[in-house]
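The values are calculated or read from the model by the stated rules, or taken from the named source; none is laboratory data. For clarity, every value in this text was computed on a predicted model and none was experimentally measured. A quick note on method: Cβ atoms are made from the backbone with ideal geometry, for glycine too, and the neighbour counts reach across all protein chains shown. Accessible surface is based on the protein model in full, side chains and every heavy atom, while ligands, DNA and RNA are left aside. Shrake-Rupley method; radii C 1.70, N 1.55, O 1.52, S 1.80 Å.
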Amino acid sequence: MNILFNLFPLLCLNRRYSLVTDTNVAKLYGNMIEHSLKKEGYDVSLIVFPAGEIHKTRRTKEFIEDVMLQLKMGRDTTVIALGGGVVSDLAGFVAATYCRGIPLINIPTTLMGMVDAAIGGKTGVNTTLGKNKIGAFYPASHILIEEKFLETLPEEEMKNGYAEVIKYALIASSVLFEQLEKGDQTHVVNTCVGLKEDIVKRDLLERGERRILNFGHTFAHAYEQVLDYRVSHGMAVAAGLLFESHLSRSLGTLSDTDFARIVSLLQGWQFPYIDCEALIEAMTTDKKTRGHETRFVILNGIGQVVPFDNEYCTAVDEKYVRDAYDYLFYQTI
Ligand SMILES: NC(=O)c1ccc[n+]([C@@H]2O[C@H](COP(=O)([O-])OP(=O)(O)OC[C@H]3O[C@@H](n4cnc5c(N)ncnc54)[C@H](O)[C@@H]3O)[C@@H](O)[C@H]2O)c1
C-alpha cells in the first residue's frame with residue numbers, strides 16, 4: 001500500500017511510535033501496518049480502543065495514555081493516528097498533552113477524516129454535557145491521505161463524510177455544489193482539503209472566519225449530545241445543514257430556490273426524533289454562544305456565509321429556531 005511508502009520517509013529508527021486506532025481499523029489495516037513497520041526495525045506499539053463515537057471520551061484518552069505510560073514511552077515518541085475522525089480527535093488530544101506534547105501524524109481512513117477531521121488541528125473528546133468540549137488545537141506535523149482506504153469503508157460511512165463535503169460546498173464553493181448536483185464526485189477530497197487548509201491558515205484558533213466550518217454544527221453537536229452520541233456525526237451534520245439552511249431562509253439570506261436545491265442534495269436521510277426543548281437547551285452549550293445567546297453560521301446564498309462584522313455567526317430569533325425544528329421533524333415548510 002502506498003501509505004507505507006509515504007510513511008517510511010517520515011519515520012526515524014531511533015524514535016518510538018504509538019500507532020493508535022480503533023477495533024475495526026486495527027483488523028483491516030492496523031495489524032498489517034504495525035507488522036510492516038516492525039519488520040523494517042521500527043519500535044512501534046499498536047494501541048487499540050473500541051470503535052464508535054461513544055468511546056470518544058476522557059476515559060478512552062486515559063486508557064491510551066496509561067498504555068503509553070506502561071510502555072515507558074517518553075518525549076521520543078510520535079503518535080500515529082490511523083482511522084476516522086474519532087481516532088484522530090482522540091489520538092491527537094493524547095499527543096497534545098502526553099509529556100506536554102509529542103509529535104503527531106494523521107492517517108485518515110474515512111471520508112470524514114480525509115476531508116475534515118484530520119486537517120486543521122482540532123482535537124478533543126465528548127462529555128455528557130457537550131460535544132468536543134474538552135480538547136486542544138494541536139495540528140499534526142504530517143497528514144497522509146490515501147483514498148484506497150475508502151475501498152473498505154461501508155456505504156453508510158461514505159454518506160456520513162459526504163455530509164461534510166456538502167457543507168464545504170455550501171459555505172465556500174458554489175462550483176463544488178453544482179458539481180455535486182450533477183452527481184460528480186471527482187477530486188472532492190482534494191477540493192475539500194484545499195478549502196479547509198485555506199480557511200485554517202487564515203484563522204487557526206477560530207477567532208472569526210474559521211467559524212464558517214461550523215455551519216450546521218450548532219444543531220449537529222446538540223443533536224448528538226441529546227442522543228447520547230448514538231447517532232453518527234455525519235447524520236447529525238446532514239440534519240444540521242438542513243436546519244441551519246432553514247434558518248438562513250427565514251432570515252432572508254437564502255432564497256426558496258436555493259433552499260430547495262439543498263434539500264434535494266440532502267434527501268434520503270431519516271433523522272431520529274428529539275424533543276425541541278432538549279435541543280434548544282443543548283444548543284446553549286455551543287462554543288459560539290455569547291452570553292446566553294446561541295449563535296448560528298448563516299448562509300448568504302449557496303457558496304457563501306454572511307460575515308456579520310467578521311463574527312461569521314449570529315443569534316437568531318427563537319421563533320425561527322422552532323420553525324426549523326418543525327421543518328426537520330414534521331416537514332412543515
Ligand atoms: N477535529 C475536527 O476538525 C473534526 C472534523 C470533523 C469531524 N470530527 C469528528 O470526527 C468524528 C467522526 O468521524 P468519522 O465519521 O470518521 O467516524 P469514525 O472515526 O467513528 O469512523 C466511522 C466508522 O468507520 C470505521 N472505519 C474507519 N475507517 C475505515 C475503513 N477504511 N474501512 C472500514 N471501516 C472503517 C470505524 O471503525 C468506525 O466504525 C466525530 O467525533 C467528529 O466530531 C472532527
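Some observations on this one:
- Dipole of the chain, positive direction: furthest Cα of Thr285, Thr110, Phe49, with charges on the beta-carbon: Phe49
- Computed extension length for Tyr320-Arg230: 29.7 nm, one decimal, from 0.36 nm per residue of separation with the Cα-Cα distance subtracted.
- Residue pairs, from the table Lys122/Lys196; Lys159/Lys201; Lys288/Lys319; Lys159/Lys319, whose Cα atoms sit over 23 Å apart: Lys159/Lys201; Lys159/Lys319
- Over the stretch 78-122, the Kirkwood radius and the radius of gyration, each from Cα atoms, give a ratio Rg/Rh of 0.96.
- Label-to-label distance for Thr186 and Gln70 is 5.1 nm, based on points extended 7 Å past Cα in the beta-carbon direction.
- For the peptides 41-51, 147-157, the ranking by mean Cβ contacts within 10 Å, running from highest to lowest, is 41-51, 147-157.
- Note that the stretch 140-181, at 37 °C in a medium of 0.692 mPa s, gets a Stokes-Einstein diffusion coefficient of 275 µm²/s from its Kirkwood radius over C-alpha pairs.
- Relative packing of 222-230, 108-116, which averages over residues the other C-beta atoms within 10 Å, highest first: 108-116, 222-230
- Span-like helix check, the chain: qualifying full DSSP H segments, with Cα axial length of 15 Å or more and mean Kyte-Doolittle of -0.5 or more, are 85-97, 155-172, 188-202, 233-250.
- Separation in nanometres of the label points that stand 7 Å from Cα toward Cβ, at Thr285 and Glu147: 3.8 nm
- In range of the label at Arg202: residues from the stretch 113-148 whose backbone nitrogen is under 17 Å from the point 7 Å along Cα→Cβ: 120
- Averaging the sequence gap over all C-alpha pairs within less than 8 Å and six or more residues apart, then dividing by the number of residues, gives the chain a relative contact order of 14 percent.
- Partner lysines whose Cα lies under 23 Å from the Cα of Lys38, excluding those fewer than 8 positions away in the same chain, are identified as Lys27, Lys72, Lys148.
- Ranked by the mean number of other Cβ atoms within 10 Å of their residues, highest first, the peptides 206-218, 87-99, 54-66 come out as 87-99, 206-218, 54-66.
- Projected label distance in nm at Asn2 and Asn31, using a 7 Å step from Cα toward the beta-carbon: 2.7 nm
- Full extension of the chain between Ser255 and Asp275 yields a length gain of 4.4 nm, computed as 0.36 nm times the residue separation minus the alpha carbon distance.
- Which of Val226, Ala260, Ile302, positive extreme of dipole for the stretch 202-333 (C-beta unit charges): Ile302
- The radius of gyration of the Cα set in the stretch 242-298, together with its Dmax, comes out at 13.3, 37 angstrom.
- With the convex hull of its Cα atoms as the shape, the chain has an orientation-averaged projected area of 16.0 nm².
- Candidates Lys38, Lys288, Lys72: whichever shows maximal mean-square fluctuation once the chain is modelled as a Gaussian network with Cα springs under 10 Å: Lys72
- A 1.4 Å probe run over the chain, with the rest of the protein chains in place, finds 44 Å² accessible per residue.
- Of all DSSP beta bridges in the chain, antiparallel share, percent nearest 5: 30 percent
- Here the chain is assigned +1 on the Cβ of each Lys and Arg and -1 on the Cβ of each Asp and Glu. Its dipole about the Cα centre then comes out at about 1080 debye.
- Relative counts (whole %) of C-alpha pair distances in the stretch 154-285, using bins that are 5 Å wide: 2, 10, 18, 22, 22, 16, 8, 2, 0
- The residues packed around Phe177, meaning those with a beta-carbon under 15 Å from its beta-carbon, carry a net charge of -2 if Lys and Arg are +1 and Asp and Glu are -1.
- Accessible carbon and sulfur surface of the chain relative to its total accessible area, %, 1.4 Å: 50 percent
- Tail weight of P(r) past 27 Å, computed on alpha-carbon pairs of the stretch 35-178, percent: 23 percent
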